[in-house]
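The values are calculated or read from the model by the stated rules, or taken from the named source; none is laboratory data. Computed from a prediction, not measured in an experiment: that's the story for all the values here. Note that each Cβ is placed from the backbone with ideal geometry, even for glycine, and that neighbours are counted across all protein chains shown. The protein model used for the area step is the full one, side chains on, heavy atoms only, and it has no ligands, DNA or RNA in it. Shrake-Rupley method; radii C 1.70, N 1.55, O 1.52, S 1.80 Å.
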Amino acid sequence: MEQVLAIYPPELTLTLSFIFGLLVGSFLNVVIYRLPLQLQNTWQRDARDFLGQEPVEAETKFSLIYPPSRCTNCETLLKPWHNIPLISYLVLKGRCNSCAEPISLQYPAVEVICGLLTLAVVYHFGFTVQAAWALLFTWVLVALTGIDFNHQLLPDNLTLPLLWLGLLVNMSATFVPLADAVAGAVAGYLVLWCVYWAFKLITGKEGMGHGDFKLLAAMGAWLGWQQLPMIILLSSAVGALIGTVGILLHGRERQAQIAFGPYLAIAGWIALVAGEEITRTYLQLF
């Protein structure tokens, strides 16, 4: 697989990686928007069934491919050329072609971020099996970040498959030995579980959601227990910094809930591509 890099110029390879990342980012926008709606519909349907209520006939059915993409304001179906990643947003000047309603910046932002992260992973790992798994790990983190940022929710539909897949990937020691992956999954879950219960016993409040436990467990399964301290410290530092800036700039209430999943995702991705280098540098300095 590494020979592919020798066939094509590096510039072409990285450019194609960025474009492919834009396409994946467009799909991830669909996941970020529709998966919470699917879960909401399922919860409501289960609740009505539990209460013995009649099903709602006009309930909108959502999947990742149905209904076709449309404007969230005027419900006009989007043409294929309105769905070209990044380019369509720029051509339409950030507004719906039918009703001129502003299009959320989330859409081009996710596409560009996914494109840049895809390029970075290919640059770091090359055209290898390890890179393919690293890309999948990256894309799931992007989807989880978007969902948690919007809804303060880390769905089991994504976190649990990511956890089990990490263990399967490391059966052949793709990133770390299997024993380290298992220990990482267990430690990742238990660390935040203990923090959650300690905080609840002291304050009587819930400091974080259970999805954070599962996400850190998934990162431990992929990257091993050795990376967990850095992920926890880095995510806490980033969360504290962004939270402080939010309070200073927007007057956000200090008691307001802040999604922790995005900070875990940022720290986990950094650990994926630079964890060993950061740890080695730290040990050399101290």
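Things worth noting here:
- Search result, residues across segment 71-91 that are over 18 Å from residue 33 (Cβ atoms) and either in contact with a Ser or Thr (Cβ under 7 Å, 6 or more places away or on another chain) or hydrophobic (A, V, I, L, M, F, W, C) (or both): 81, 87, 90, 91
- If you check 76, 15, 72 for being farther than 26 Å from residue 117 by Cβ and of a type in the set (Val, Ile, Thr), only one passes: 76.
- Within segment 181-191, restricting attention to residues that are touching a Leu at 6+ places or on another chain (Cβ under 9 Å) and open to solvent by 10 Å² or more (accessible area, probe 1.4 Å), the residue that is nearest to residue 210 (Cα to Cα) is 189.
- Residue match in segment 102-114 (condition: more than 30 Å from residue 137 (Cβ to Cβ) and open to solvent by less than 60 Å² (accessible area, probe 1.4 Å)): no
- Residue in segment 234-255 that is basic (Lys, Arg), out of contact with any helix residue (DSSP H, G or I) (no Cβ under 6 Å at 6 or more places or on another chain), surrounded by fewer than 19 Cβ atoms within 10 Å (Cβ to Cβ) and part of a helix (DSSP H, G or I) present: no
- The residue of segment 168-180 that is nearest to residue 138 (Cα to Cα), among those that are assigned to a helix (DSSP H, G or I) and open to solvent by 30 Å² or more (accessible area, probe 1.4 Å), is 168.
- Residue 211 being in contact with a Ser or Thr (Cβ under 7 Å, 6 or more places away or on another chain), open to solvent by less than 60 Å² (accessible area, probe 1.4 Å) and touching a residue at least 60 places away in the same chain (Cβ under 8 Å): yes
- Test: residue 144 is assigned to a helix (DSSP H, G or I), modelled with pLDDT of 80 or more, closer than 18 Å to residue 33 by Cβ and open to solvent by less than 90 Å² (accessible area, probe 1.4 Å): yes
- Flag if residue 153 is in contact (Cβ under 8 Å) with a residue 12 or more places away in the chain and open to solvent by 30 Å² or more (accessible area, probe 1.4 Å): yes
- Scoring residue 19 on the criteria (1) modelled with pLDDT under 85; (2) not in a loop (DSSP other than H, G, I, E, B) leaves a single failure, condition (1).
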